[in-house]
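A.B. asks: Right, I'll just put the structure down here and ask away after.
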Amino acid sequence: MTLREIADLLDAKVLCGDERLDNVVVEYVAAADMMSDVLAFGQPGFLLVTGLNTPQVPRTVNIVGGIGVVVVRKPVVLESTVELAQVLEVPLLHSPLTMFEACGKLYARGLKPINVRVKA
Amino acid sequence: MSESRLETLEGMKLSNVFLDSLMQIMNHLKIEEVMSKNVHVLTPEKSMWHAKELMRLKKVSGIPIVNREGKLVGIVSIEDIILALEGNYINEPIEKHMTRNVVCLKPSDNLKKAVECFERYGYGRFPVTDEKGRVVGIVAKEDVLKGLLQWFSTVYTHDERRSDVLESEYFYKSLLTGEPLDKRGADFVMEIGYTDINMAGVVAARLKEFLISKGMDEKLVRRITIATYEAEANVVIHSGSNGVVYCFLGQDAIRVRVEDYGKGIENVDLAMREGFSTAPDHIRELGFGAGMGLPNMKRFSDKMVIVSEGGKGVVVEMLFYRDET
(Lines give C-alpha, C1' and ligand atoms only; values in the text may rest on other atoms or scores of the structure.)
Protein backbone atom coordinates (compact mmCIF):
# COMPACT_ATOMS: atom_id res chain seq x y z
CA MET A 1 0.00 0.00 0.00
CA THR A 2 1.27 3.49 -0.70
CA LEU A 3 1.31 6.14 1.98
CA ARG A 4 -1.29 8.01 -0.08
CA GLU A 5 -3.70 5.06 0.14
CA ILE A 6 -3.01 4.82 3.86
CA ALA A 7 -3.72 8.52 4.32
CA ASP A 8 -7.07 8.03 2.57
CA LEU A 9 -7.87 4.86 4.52
CA LEU A 10 -7.19 6.53 7.86
CA ASP A 11 -8.86 9.79 6.91
CA ALA A 12 -5.55 11.46 7.68
CA LYS A 13 -4.32 14.97 7.04
CA VAL A 14 -0.88 15.14 5.43
CA LEU A 15 1.34 17.39 7.54
CA CYS A 16 4.60 16.68 5.77
CA GLY A 17 5.86 14.85 2.69
CA ASP A 18 2.75 15.17 0.50
CA GLU A 19 4.84 15.10 -2.68
CA ARG A 20 6.33 11.73 -1.77
CA LEU A 21 3.21 9.86 -0.61
CA ASP A 22 2.58 8.10 -3.92
CA ASN A 23 6.11 6.77 -4.07
CA VAL A 24 6.39 5.33 -0.59
CA VAL A 25 5.15 1.77 -0.41
CA VAL A 26 4.43 0.42 3.04
CA GLU A 27 4.64 -3.23 3.89
CA TYR A 28 5.36 -3.31 7.61
CA VAL A 29 3.70 -1.36 10.40
CA ALA A 30 4.42 -0.99 14.10
CA ALA A 31 2.38 0.86 16.72
CA ALA A 32 3.99 2.27 19.84
CA ASP A 33 3.88 5.21 22.20
CA MET A 34 7.20 4.33 23.74
CA MET A 35 10.06 5.65 21.70
CA SER A 36 12.41 3.20 23.38
CA ASP A 37 10.27 0.39 21.98
CA VAL A 38 10.61 1.92 18.55
CA LEU A 39 14.37 2.11 18.98
CA ALA A 40 14.48 -1.48 20.17
CA PHE A 41 12.22 -3.10 17.61
CA GLY A 42 11.76 -0.74 14.70
CA GLN A 43 13.22 -2.13 11.52
CA PRO A 44 14.30 -0.10 8.48
CA GLY A 45 11.38 0.63 6.19
CA PHE A 46 8.51 0.35 8.65
CA LEU A 47 5.61 2.77 9.22
CA LEU A 48 5.03 3.96 12.78
CA VAL A 49 1.55 4.49 14.22
CA THR A 50 1.77 6.43 17.46
CA GLY A 51 -0.25 8.44 19.93
CA LEU A 52 2.71 10.70 20.59
CA ASN A 53 2.84 14.13 18.95
CA THR A 54 6.25 15.50 20.00
CA PRO A 55 9.40 16.15 17.91
CA GLN A 56 10.78 12.97 19.42
CA VAL A 57 8.65 11.00 16.98
CA PRO A 58 10.20 12.11 13.67
CA ARG A 59 13.64 12.09 15.27
CA THR A 60 13.32 8.52 16.49
CA VAL A 61 11.84 7.29 13.23
CA ASN A 62 14.65 8.96 11.32
CA ILE A 63 17.30 7.31 13.48
CA VAL A 64 15.72 3.87 13.19
CA GLY A 65 15.16 4.29 9.47
CA GLY A 66 11.35 4.21 9.35
CA ILE A 67 9.54 5.51 6.27
CA GLY A 68 6.77 7.52 7.86
CA VAL A 69 4.58 8.33 10.85
CA VAL A 70 0.85 8.33 11.49
CA VAL A 71 -0.10 10.28 14.60
CA VAL A 72 -3.46 9.04 15.89
CA ARG A 73 -5.97 10.24 18.45
CA LYS A 74 -4.30 13.57 19.26
CA PRO A 75 -6.30 16.76 18.55
CA VAL A 76 -3.14 18.57 17.40
CA VAL A 77 0.35 17.72 16.27
CA LEU A 78 2.89 20.18 17.67
CA GLU A 79 4.27 22.73 15.21
CA SER A 80 7.80 21.81 16.25
CA THR A 81 7.07 18.18 15.35
CA VAL A 82 5.96 19.15 11.85
CA GLU A 83 9.00 21.39 11.38
CA LEU A 84 11.39 18.64 12.40
CA ALA A 85 9.62 16.13 10.16
CA GLN A 86 10.18 18.53 7.27
CA VAL A 87 13.86 18.91 8.06
CA LEU A 88 14.37 15.15 8.42
CA GLU A 89 12.07 14.44 5.44
CA VAL A 90 9.89 12.03 7.39
CA PRO A 91 6.34 11.89 5.93
CA LEU A 92 3.90 12.78 8.69
CA LEU A 93 0.18 11.95 8.70
CA HIS A 94 -2.38 12.99 11.29
CA SER A 95 -5.42 10.74 11.69
CA PRO A 96 -8.45 11.41 13.88
CA LEU A 97 -8.92 7.67 14.50
CA THR A 98 -7.93 5.92 17.70
CA MET A 99 -4.86 3.72 17.73
CA PHE A 100 -7.07 0.61 17.80
CA GLU A 101 -9.13 1.66 14.80
CA ALA A 102 -6.13 2.77 12.78
CA CYS A 103 -4.24 -0.45 13.43
CA GLY A 104 -7.36 -2.55 12.76
CA LYS A 105 -7.90 -0.93 9.38
CA LEU A 106 -4.26 -1.34 8.37
CA TYR A 107 -4.18 -4.97 9.49
CA ALA A 108 -7.37 -5.71 7.62
CA ARG A 109 -5.75 -4.42 4.43
CA GLY A 110 -2.98 -6.99 4.72
CA LEU A 111 -0.17 -4.90 6.17
CA LYS A 112 2.26 -6.97 8.19
CA PRO A 113 3.68 -6.62 11.70
CA ILE A 114 7.39 -6.07 12.09
CA ASN A 115 9.43 -9.10 12.74
CA VAL A 116 9.46 -9.39 16.52
CA ARG A 117 7.97 -12.30 18.37
CA VAL A 118 8.63 -12.63 22.03
CA LYS A 119 7.60 -15.51 24.26
CA ALA A 120 4.43 -14.62 26.11
CA MET B 1 64.06 30.33 36.91
CA SER B 2 62.50 33.62 37.90
CA GLU B 3 58.92 33.73 38.97
CA SER B 4 57.69 35.74 36.03
CA ARG B 5 59.24 33.25 33.60
CA LEU B 6 57.39 30.44 35.33
CA GLU B 7 54.14 32.28 35.01
CA THR B 8 54.62 32.66 31.30
CA LEU B 9 55.18 28.95 30.92
CA GLU B 10 52.05 28.14 32.88
CA GLY B 11 50.21 30.64 30.77
CA MET B 12 51.44 28.98 27.61
CA LYS B 13 50.31 25.58 28.77
CA LEU B 14 46.92 26.94 29.57
CA SER B 15 46.61 28.70 26.26
CA ASN B 16 47.57 25.49 24.43
CA VAL B 17 44.76 23.63 26.12
CA PHE B 18 42.48 26.50 25.30
CA LEU B 19 43.56 26.57 21.66
CA ASP B 20 43.11 22.83 21.34
CA SER B 21 39.57 22.98 22.60
CA LEU B 22 38.90 26.02 20.46
CA MET B 23 40.08 24.12 17.38
CA GLN B 24 37.85 21.23 18.28
CA ILE B 25 34.82 23.45 18.61
CA MET B 26 35.60 25.10 15.30
CA ASN B 27 35.76 21.68 13.68
CA HIS B 28 32.36 20.71 14.96
CA LEU B 29 30.32 23.90 14.80
CA LYS B 30 28.63 24.14 11.42
CA ILE B 31 28.15 27.29 9.38
CA GLU B 32 24.39 26.73 9.39
CA GLU B 33 24.41 27.03 13.17
CA VAL B 34 26.01 30.47 13.21
CA MET B 35 24.99 32.11 9.91
CA SER B 36 22.32 34.80 9.69
CA LYS B 37 19.43 33.25 7.83
CA ASN B 38 17.73 36.56 7.24
CA VAL B 39 19.69 37.71 4.19
CA HIS B 40 18.98 40.89 2.26
CA VAL B 41 19.58 40.39 -1.44
CA LEU B 42 19.13 42.42 -4.62
CA THR B 43 18.86 41.54 -8.30
CA PRO B 44 21.57 42.74 -10.76
CA GLU B 45 19.40 45.27 -12.63
CA LYS B 46 18.90 47.38 -9.49
CA SER B 47 21.19 50.39 -9.10
CA MET B 48 24.20 50.75 -6.81
CA TRP B 49 22.14 53.41 -5.04
CA HIS B 50 19.61 50.73 -4.09
CA ALA B 51 22.41 48.67 -2.61
CA LYS B 52 23.66 51.68 -0.65
CA GLU B 53 20.17 52.36 0.74
CA LEU B 54 19.60 48.73 1.69
CA MET B 55 22.93 48.66 3.53
CA ARG B 56 22.10 51.87 5.35
CA LEU B 57 18.60 50.79 6.37
CA LYS B 58 19.46 47.23 7.35
CA LYS B 59 22.86 48.12 8.80
CA VAL B 60 24.69 45.48 6.79
CA SER B 61 28.04 45.77 5.06
CA GLY B 62 27.52 43.50 2.07
CA ILE B 63 24.66 42.47 -0.20
CA PRO B 64 24.58 39.23 -2.17
CA ILE B 65 23.20 39.72 -5.68
CA VAL B 66 20.93 36.96 -6.98
CA ASN B 67 19.14 36.19 -10.24
CA ARG B 68 15.44 35.43 -10.50
CA GLU B 69 15.95 31.85 -9.35
CA GLY B 70 17.64 33.04 -6.19
CA LYS B 71 21.04 31.89 -7.46
CA LEU B 72 24.04 33.88 -6.35
CA VAL B 73 25.63 35.87 -9.20
CA GLY B 74 27.68 38.47 -7.33
CA ILE B 75 28.16 40.59 -4.25
CA VAL B 76 28.30 44.31 -3.49
CA SER B 77 30.26 45.47 -0.46
CA ILE B 78 30.54 48.79 1.29
CA GLU B 79 33.89 49.31 -0.45
CA ASP B 80 32.14 49.02 -3.82
CA ILE B 81 29.68 51.69 -2.70
CA ILE B 82 32.49 54.06 -1.67
CA LEU B 83 34.12 53.56 -5.07
CA ALA B 84 30.76 54.19 -6.76
CA LEU B 85 30.31 57.45 -4.87
CA GLU B 86 33.86 58.56 -5.65
CA GLY B 87 33.62 57.51 -9.27
CA ASN B 88 30.18 59.09 -9.60
CA TYR B 89 28.41 55.99 -10.90
CA ILE B 90 26.11 55.30 -7.94
CA ASN B 91 23.05 55.36 -10.23
CA GLU B 92 24.37 52.70 -12.59
CA PRO B 93 23.10 49.12 -12.38
CA ILE B 94 24.71 46.75 -9.91
CA GLU B 95 25.40 44.32 -12.73
CA LYS B 96 28.16 46.60 -14.06
CA HIS B 97 30.05 46.95 -10.80
CA MET B 98 29.40 43.96 -8.58
CA THR B 99 32.12 41.48 -7.71
CA ARG B 100 31.56 38.27 -9.61
CA ASN B 101 33.23 34.94 -8.73
CA VAL B 102 32.09 35.23 -5.15
CA VAL B 103 33.70 32.97 -2.60
CA CYS B 104 30.91 31.22 -0.74
CA LEU B 105 30.50 28.68 2.01
CA LYS B 106 28.20 25.67 2.35
CA PRO B 107 25.80 25.24 5.31
CA SER B 108 27.63 22.03 6.22
CA ASP B 109 31.10 23.63 6.28
CA ASN B 110 32.62 24.04 9.72
CA LEU B 111 33.74 27.22 11.44
CA LYS B 112 37.36 26.41 10.75
CA LYS B 113 36.66 26.73 7.04
CA ALA B 114 35.01 30.11 7.62
CA VAL B 115 37.96 31.42 9.61
CA GLU B 116 40.35 30.18 6.91
CA CYS B 117 38.29 32.05 4.33
CA PHE B 118 38.34 35.27 6.36
CA GLU B 119 42.11 34.96 6.63
CA ARG B 120 42.79 34.01 3.05
CA TYR B 121 40.50 36.41 1.22
CA GLY B 122 40.23 39.28 3.66
CA TYR B 123 36.53 39.79 2.98
CA GLY B 124 34.23 40.72 5.83
CA ARG B 125 31.44 38.32 4.97
CA PHE B 126 30.69 35.22 2.91
CA PRO B 127 27.34 34.22 1.42
CA VAL B 128 26.22 30.69 2.23
CA THR B 129 24.70 28.77 -0.68
CA ASP B 130 22.92 25.44 -1.00
CA GLU B 131 23.78 22.77 -3.57
CA LYS B 132 21.81 24.64 -6.24
CA GLY B 133 23.76 27.84 -5.66
CA ARG B 134 20.87 29.60 -3.94
CA VAL B 135 21.65 31.97 -1.09
CA VAL B 136 20.48 30.53 2.24
CA GLY B 137 22.48 32.67 4.64
CA ILE B 138 25.41 34.95 5.20
CA VAL B 139 28.34 34.73 7.62
CA ALA B 140 30.14 37.80 8.92
CA LYS B 141 32.95 37.79 11.46
CA GLU B 142 30.46 38.77 14.19
CA ASP B 143 28.46 35.62 13.50
CA VAL B 144 31.51 33.44 14.07
CA LEU B 145 32.27 35.25 17.29
CA LYS B 146 28.68 34.98 18.45
CA GLY B 147 28.57 31.25 17.70
CA LEU B 148 31.75 30.68 19.69
CA LEU B 149 30.56 32.75 22.64
CA GLN B 150 27.33 30.83 22.75
CA TRP B 151 29.22 27.56 22.75
CA PHE B 152 31.52 28.69 25.53
CA SER B 153 28.64 29.79 27.72
CA THR B 154 27.26 26.23 27.71
CA VAL B 155 30.68 24.69 28.27
CA TYR B 156 31.22 27.02 31.19
CA THR B 157 28.01 26.01 32.98
CA HIS B 158 28.83 22.38 32.64
CA ASP B 159 32.36 22.94 33.86
CA GLU B 160 30.94 24.43 37.04
CA ARG B 161 28.65 21.50 37.59
CA ARG B 162 31.19 18.84 36.89
CA SER B 163 33.75 20.12 39.36
CA ASP B 164 32.37 17.85 42.12
CA VAL B 165 32.79 14.67 40.20
CA LEU B 166 35.96 15.33 38.27
CA GLU B 167 38.11 13.55 40.83
CA SER B 168 36.65 10.18 39.85
CA GLU B 169 39.39 8.36 38.01
CA TYR B 170 37.09 6.69 35.51
CA PHE B 171 36.68 9.97 33.71
CA TYR B 172 40.24 9.63 32.51
CA LYS B 173 40.57 6.10 31.27
CA SER B 174 38.90 3.76 28.87
CA LEU B 175 36.36 1.53 30.57
CA LEU B 176 36.82 -1.15 27.95
CA THR B 177 40.60 -1.38 27.90
CA GLY B 178 41.60 0.41 31.09
CA GLU B 179 44.03 2.53 29.09
CA PRO B 180 44.33 6.22 29.73
CA LEU B 181 42.11 8.08 27.34
CA ASP B 182 43.04 11.16 25.37
CA LYS B 183 39.65 12.61 24.69
CA ARG B 184 41.15 15.30 22.52
CA GLY B 185 41.87 12.52 20.04
CA ALA B 186 38.16 11.87 19.56
CA ASP B 187 36.91 12.08 15.98
CA PHE B 188 33.55 13.44 17.08
CA VAL B 189 32.72 15.40 20.20
CA MET B 190 29.45 17.00 21.02
CA GLU B 191 28.04 18.32 24.21
CA ILE B 192 24.61 17.31 25.48
CA GLY B 193 24.08 20.86 26.59
CA TYR B 194 20.35 21.12 27.08
CA THR B 195 17.78 19.93 29.58
CA ASP B 196 14.67 19.89 27.41
CA ILE B 197 13.67 16.29 26.84
CA ASN B 198 12.08 17.25 23.54
CA MET B 199 15.56 17.84 22.20
CA ALA B 200 16.84 14.39 23.14
CA GLY B 201 18.43 12.83 20.10
CA VAL B 202 19.96 15.91 18.51
CA VAL B 203 23.47 14.73 19.33
CA ALA B 204 22.73 11.22 18.05
CA ALA B 205 21.32 12.71 14.85
CA ARG B 206 24.48 14.76 14.38
CA LEU B 207 26.64 11.71 15.05
CA LYS B 208 24.63 9.84 12.42
CA GLU B 209 25.37 12.56 9.85
CA PHE B 210 29.03 12.48 10.81
CA LEU B 211 29.32 8.69 10.48
CA ILE B 212 27.52 8.69 7.14
CA SER B 213 29.85 11.43 5.92
CA LYS B 214 32.70 9.05 6.74
CA GLY B 215 31.16 6.55 4.32
CA MET B 216 30.30 4.06 7.00
CA ASP B 217 28.00 1.09 6.51
CA GLU B 218 24.34 2.02 6.98
CA LYS B 219 23.51 -0.81 9.36
CA LEU B 220 26.50 -0.05 11.53
CA VAL B 221 25.55 3.63 11.63
CA ARG B 222 22.05 2.64 12.64
CA ARG B 223 23.26 0.52 15.56
CA ILE B 224 25.57 3.27 16.76
CA THR B 225 23.00 6.05 16.54
CA ILE B 226 20.26 4.09 18.27
CA ALA B 227 22.53 3.21 21.18
CA THR B 228 23.83 6.78 21.37
CA TYR B 229 20.29 8.15 21.28
CA GLU B 230 19.39 6.01 24.29
CA ALA B 231 22.46 7.12 26.17
CA GLU B 232 21.72 10.74 25.32
CA ALA B 233 18.11 10.43 26.49
CA ASN B 234 19.40 8.95 29.76
CA VAL B 235 21.65 11.94 30.35
CA VAL B 236 18.78 14.35 29.76
CA ILE B 237 16.21 12.44 31.79
CA HIS B 238 18.25 11.17 34.70
CA SER B 239 21.51 13.01 35.22
CA GLY B 240 20.12 16.42 36.10
CA SER B 241 23.25 17.72 34.44
CA ASN B 242 24.99 17.99 31.09
CA GLY B 243 27.01 15.41 29.28
CA VAL B 244 29.35 14.85 26.38
CA VAL B 245 29.37 12.30 23.58
CA TYR B 246 32.74 11.22 22.21
CA CYS B 247 33.21 8.98 19.22
CA PHE B 248 36.49 7.37 18.23
CA LEU B 249 36.82 5.76 14.82
CA GLY B 250 39.09 2.75 15.13
CA GLN B 251 40.32 0.45 12.42
CA ASP B 252 38.19 -2.50 13.50
CA ALA B 253 35.64 -0.84 15.71
CA ILE B 254 33.87 2.39 16.55
CA ARG B 255 33.92 3.43 20.17
CA VAL B 256 31.30 5.74 21.63
CA ARG B 257 31.71 7.18 25.08
CA VAL B 258 28.97 9.14 26.80
CA GLU B 259 29.76 10.94 30.04
CA ASP B 260 27.67 12.98 32.37
CA TYR B 261 28.43 14.78 35.56
CA GLY B 262 25.12 14.28 37.27
CA LYS B 263 23.62 12.29 40.06
CA GLY B 264 24.72 8.85 38.92
CA ILE B 265 23.03 5.46 39.11
CA GLU B 266 22.48 3.92 42.54
CA ASN B 267 22.15 0.36 41.34
CA VAL B 268 23.58 -0.39 37.92
CA ASP B 269 22.44 -4.05 37.89
CA LEU B 270 18.86 -3.04 38.48
CA ALA B 271 19.07 -0.32 35.83
CA MET B 272 20.28 -2.86 33.27
CA ARG B 273 17.12 -4.92 33.73
CA GLU B 274 14.60 -4.61 30.92
CA GLY B 275 11.49 -2.73 32.03
CA PHE B 276 13.08 -1.21 35.11
CA SER B 277 12.83 2.57 35.09
CA THR B 278 12.98 5.43 37.52
CA ALA B 279 11.67 7.97 35.00
CA PRO B 280 8.92 10.26 36.30
CA ASP B 281 5.43 10.27 34.76
CA HIS B 282 5.87 13.42 32.67
CA ILE B 283 8.80 11.74 30.94
CA ARG B 284 6.78 8.58 30.29
CA GLU B 285 4.11 10.67 28.66
CA LEU B 286 6.75 11.79 26.20
CA GLY B 287 7.46 8.22 25.17
CA PHE B 288 10.51 7.58 27.32
CA GLY B 289 11.06 5.70 30.53
CA ALA B 290 10.06 2.28 29.24
CA GLY B 291 13.05 0.80 31.01
CA MET B 292 14.60 -0.10 27.67
CA GLY B 293 17.44 2.42 27.54
CA LEU B 294 20.36 0.45 28.94
CA PRO B 295 19.09 -2.89 27.57
CA ASN B 296 18.81 -1.29 24.12
CA MET B 297 22.32 0.08 24.35
CA LYS B 298 23.55 -3.39 25.22
CA ARG B 299 21.55 -4.97 22.41
CA PHE B 300 22.88 -2.68 19.70
CA SER B 301 26.53 -2.54 20.79
CA ASP B 302 29.04 -5.37 20.73
CA LYS B 303 30.56 -4.45 24.06
CA MET B 304 29.31 -2.09 26.67
CA VAL B 305 30.63 -1.00 30.02
CA ILE B 306 28.88 1.38 32.36
CA VAL B 307 30.40 2.86 35.47
CA SER B 308 28.62 4.96 38.02
CA GLU B 309 28.14 5.70 41.65
CA GLY B 310 25.43 7.73 43.27
CA GLY B 311 26.35 11.41 42.94
CA LYS B 312 29.36 10.78 40.75
CA GLY B 313 28.07 10.92 37.20
CA VAL B 314 27.85 8.11 34.69
CA VAL B 315 30.29 6.98 32.06
CA VAL B 316 29.16 4.57 29.37
CA GLU B 317 31.48 3.14 26.79
CA MET B 318 30.25 1.11 23.83
CA LEU B 319 32.13 -0.71 21.13
CA PHE B 320 30.74 -1.47 17.68
CA TYR B 321 32.69 -3.83 15.43
CA ARG B 322 32.83 -2.72 11.83
CA ASP B 323 32.37 -6.17 10.32
CA GLU B 324 29.70 -7.55 12.64
CA THR B 325 26.79 -5.86 10.94
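A.B. asks: From the residues in the stretch A:73-108 that are within 14 Å of another protein chain (Cβ to nearest Cβ) and not in a helix (DSSP H, G or I), which one is surrounded by the fewest Cβ atoms within 10 Å (Cβ to Cβ)?
C.D. replies: If we take residues in the stretch A:73-108 being within 14 Å of another protein chain (Cβ to nearest Cβ) and not in a helix (DSSP H, G or I), then A:E89 is surrounded by the fewest Cβ atoms within 10 Å (Cβ to Cβ).
A.B. asks: Here's a follow-up. Name the residue that is farthest from B:R299 (Cα to Cα), counting only residues in the stretch A:5-48 that are away from chain B (no Cβ under 14 Å) and assigned to a strand (DSSP E or B).
C.D. replies: That would be A:K13.
A.B. asks: Considering only residues that are more than 9 Å from chain A (Cβ to nearest Cβ) and either farther than 18 Å from A:T54 by Cα or more than 29 Å from the chain's Cα centre (by Cα) (or both), which ones fall in the stretch B:283-295?
C.D. replies: Listed by number, the list holds a single entry, B:L294.
A.B. asks: Yes or no: A:T60 more than 10 Å from chain B (Cβ to nearest Cβ) and either surrounded by fewer than 24 Cβ atoms within 10 Å (Cβ to Cβ) or hydroxyl-bearing (S, T, Y) (or both)?
C.D. replies: Taking the combined requirement at face value, the residue does not satisfy it.
A.B. asks: Something else now. Report, by residue number, each residue of the stretch B:64-83 that is of a type in the set (K, R) and closer than 11 Å to B:T129 by Cα.
C.D. replies: Within the stretch B:64-83, B:K71 is the sole residue that qualifies.
A.B. asks: Continuing with the same structure: Quick check: is even one residue across the stretch B:148-168 more than 30 Å from B:G62 (Cβ to Cβ), modelled with pLDDT under 85 and within 13 Å of chain A (Cβ to nearest Cβ)?
C.D. replies: Scanning the stretch B:148-168 turns up no residue that is more than 30 Å from B:G62 (Cβ to Cβ), modelled with pLDDT under 85 and within 13 Å of chain A (Cβ to nearest Cβ).
A.B. asks: Another question, then. Residues that are among the aromatic types (F, W, Y), within 14 Å of chain A (Cβ to nearest Cβ) and surrounded by 23 or more Cβ atoms within 10 Å (Cβ to Cβ): does the stretch B:215-232 have at least one?
C.D. replies: Looking through the stretch B:215-232, at least one residue is among the aromatic types (F, W, Y), within 14 Å of chain A (Cβ to nearest Cβ) and surrounded by 23 or more Cβ atoms within 10 Å (Cβ to Cβ).
A.B. asks: Is it the case that the stretch B:248-266 has a residue that's among the hydroxyl-bearing types (S, T, Y), in contact with a helix residue (DSSP H, G or I) (Cβ under 9 Å, 6 or more places away or on another chain), surrounded by 23 or more Cβ atoms within 10 Å (Cβ to Cβ) and within 12 Å of another protein chain (Cβ to nearest Cβ)?
C.D. replies: No - not one qualifying residue is present in the stretch B:248-266.
The values are calculated or read from the model by the stated rules, or taken from the named source; none is laboratory data. Everything numeric in this text was worked out from a predicted model, so none of it was measured. Using ideal geometry, Cβ is built from the backbone for each residue, glycine included, and neighbour counts are taken over all protein chains shown.
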